[in-house]
Amino acid sequence: MAHDFEVEDGLTFGEWLRHEVEELVFVEQSGFFVDQVERVAARLQADRAADERLEVLIPWSPVPTAFTAPGRYIYFNRRLLERCPTDEVVALVVAHEIAHHDLGHLTLIHGPLTKGLASLGLGAMALAVFRMLQNRLYGPEDECAADRVGLSLCLDAGYDGHKCLRLFHVL
């Protein structure tokens, strides 16, 4: 998967982070919300090769958020997902995170710092530091760019753009 890198032999950062998240919090495996994000992600990525598609995971933690990281996973927190009333709103969140990959924003995360976090094995601290690092690296310009590209992905997938933009009312 593009933008991923090995933190040790046979273990990529993306797979390491997924494991750490699953160790820290419950990740939903079935039900309405899993079906919804899978349906939306499949529609948004219909024109991509199967091995290039990103997978959406639904971790349960108290802060409503969504983020992505090097590797193949998008993390769409259950608290945020519960606030998204339609597939269109969910689509803009997922598309925004896909856009971070498409725009190359995740290449900024490579390097000794993230490899060092993985080697610590301190999941909660590493995840918190990773999120702070991600917020500083992206900045408002990259977030706006991801919004623009994300909305274009939604429109290309046939979603109603006006309904997608209701996300900003949710946020």
query: For the stretch 31-72, what is the per residue volume of the convex hull drawn over the alpha-carbon atoms, in cubic angstrom?
result: 86 Å³
message: How large is the accessible surface of residue 4 in square angstrom, using a 1.4 angstrom probe and rounding to the nearest 10?
response: 40 Å²
task: With no solvent and one equal point scatterer placed on each C-alpha of the stretch 1-98, evaluate the Debye formula and give log10 I(q)/I(0) for q = 0.17, 0.18, 0.22, 0.24 Å⁻¹, two decimals.
output: -0.74, -0.83, -1.19, -1.35
- line: Between the modelled labels at residue 141 and residue 60 (7 Å from Cα along Cα→Cβ) the distance in nm is 4.1 nm
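The values are calculated or read from the model by the stated rules, or taken from the named source; none is laboratory data. These numbers come from a predicted model, not from an experiment. A quick note on method: Cβ atoms are made from the backbone with ideal geometry, for glycine too, and the neighbour counts reach across all protein chains shown. What goes into the accessible areas is simple: the full protein's heavy atoms, side chains included, and nothing from ligands, DNA or RNA. Shrake-Rupley method; radii C 1.70, N 1.55, O 1.52, S 1.80 Å.
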